[in-house]
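Just so it is clear, none of the values below were taken in a lab; they were calculated from the coordinates. Bear in mind the structure is a predicted one, so any value in this text is a computation, not a measurement. Cβ atoms come from the backbone with ideal geometry, glycine included; neighbour counts cover every protein chain shown.
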Amino acid sequence: MIYSHRFAESSMLADCQYDDESHELTIMFLNGRTYTYKNVLYNTYEDLANAKSSGKYFNSIKSQLVLK
């Protein structure tokens, strides 16, 4: 299943999608860039989608994410 979230109030992130079969998280930034990260847990997607500040949360975990 693919989960999607739109960041309505973020100044950095536009959307993200999580594929629970491949464990890939794709993040679309407001600047138009898109990155896909592999081996991501569903909880990470859920925490990002529900974070008070999605940009701050992303910045706190980005060093742990592995680009596909």
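Of all residues in segment 44-57, those that are more than 19 Å from K68 (Cβ to Cβ) and either touching a residue at least 60 places away in the same chain (Cβ under 8 Å) or not in a loop (DSSP other than H, G, I, E, B) (or both) total 8. From the list Y35, Y3, Y18, the lone residue that is under 10 Å from the mean Cα position of the chain (by Cα), surrounded by fewer than 17 Cβ atoms within 10 Å (Cβ to Cβ) and either assigned to a strand (DSSP E or B) or of a type in the set (A, V, I, L, M, F, W, C) (or both) is Y35.
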